[in-house]
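A.B. asks: Could you have a look at this structure, given as structure tokens, before my questions?
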Amino acid sequence: MNNSQQRGTTGRSQARRAELIATGRKLFADTSYDALSMDDIAKQAGVAKGLIYYYFDSKRGYYLAIVEDSVAELVARAGGDTDLPGAERVRRTIDSYLHYAEHHHAAYRTIVTGGVGSDAEVLAIRDAVREELVATIAEGAYGRRTLPPIARLALVGWLSGVEGTTLDWIGAPDAPDQPDRAGLGALLVRQLRATLEVIEEFVPECPAPPGPEEPLDPLGDLAPVTGSP
């Protein structure tokens, strides 16, 4: 959390701060960080530049607050539905992750690639997101959030592949035969299934959840990871 977040504790101040972040998310979605000046931001937000400095100290502080807000939405989407069975929760996690990327291209790229000039604070935010998503997948697959190092590394490797695949997917939405979100989600779930089986080979105490009894349609809806839903 950057220091500017400690300001504006009243309901009205929180609402104004949230409005500024919402405006910033739209602006940075269409324009690069370097191309936007604080004057531009203030004009688009319809406020005095000093108000932005009051809440966020600097342009960088404002940008970090926008990234943190985007991250919070991504994690909330991916980590929701905690009362669902493990298989359904894993499927929903992947679908929610892709849904966010599909509808927030710029924010997703910032989160995954590290933002402005590989900013250390943005990278730390990105790493925290990865850890939370790995823990969410582990909880859905194994019923626990902490894993032995090899198992964790395997899931981190799978998630890195998910990030690269998702970046390519949102970068070419009109490419011929490009899969829709459900199709890509099914592919990622199958890859996760294979990763869980490899984890079991190396870490017997982390057995892969039982697979579905019937063959799965690769072009159908998101395929189960842990047996029949």
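A.B. asks: Does residue 8 satisfy the condition of being in contact with a Phe, Trp or Tyr (Cβ under 8 Å, 6 or more places away or on another chain), assigned by TED's automatic domain parsing to the domain that holds residue 136, of a type in the set (Gly, Ala, Ser) and modelled with pLDDT under 75?
C.D. replies: No.
A.B. asks: Continuing with the same structure: Please enumerate the residues belonging to the range 72-109 that are within 17 Å of residue 122 (Cβ to Cβ), outside the structural domain of residue 181 (by TED's automatic domain parsing) and at pLDDT below 80.
C.D. replies: 73, 74, 75
A.B. asks: If you check residue 187 against the conditions, is it in a helix (DSSP H, G or I), closer than 30 Å to residue 33 by Cβ and either in contact with a Leu (Cβ under 8 Å, 6 or more places away or on another chain) or not hydroxyl-bearing (Ser, Thr, Tyr) (or both)?
C.D. replies: Criteria not met by residue 187.
A.B. asks: Output yes when any residue across the range 115-123 is more than 21 Å from residue 32 (Cα to Cα) and either in the same structural domain as residue 60 (by TED's automatic domain parsing) or crowded, with 16+ Cβ neighbours inside 10 Å (or both), and no when none is.
C.D. replies: Within the range 115-123, none of the residues are more than 21 Å from residue 32 (Cα to Cα) and either in the same structural domain as residue 60 (by TED's automatic domain parsing) or crowded, with 16+ Cβ neighbours inside 10 Å (or both).
A.B. asks: Given the conditions (1) modelled with pLDDT of 80 or more; (2) among the small types (Gly, Ala, Ser); (3) more than 13 Å from residue 62 (Cα to Cα); (4) under 21 Å from the mean Cα position of the chain (by Cα), report the number of the one that residue 13 does not fulfil.
C.D. replies: (4)
A.B. asks: I would also like to ask the following. Output the number of residues of the range 18-70 satisfying the condition of being more than 24 Å from residue 101 (Cα to Cα), basic (Lys, Arg) and under 24 Å from the mean Cα position of the chain (by Cα).
C.D. replies: Result for the range 18-70: 1.
Yes/no per residue for (1) outside any helix (DSSP H, G or I); (2) of a type in the set (S, T, N, Q); (3) surrounded by fewer than 20 Cβ atoms within 10 Å (Cβ to Cβ):
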residue	(1), (2), (3)
127	no, no, yes
132	no, no, yes
136	no, yes, no
146	yes, yes, yes
150	no, no, yes
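The values are calculated or read from the model by the stated rules, or taken from the named source; none is laboratory data. Note that the structure is a prediction, hence the values are computed from the model and not measured. Note that each Cβ is placed from the backbone with ideal geometry, even for glycine, and that neighbours are counted across all protein chains shown.
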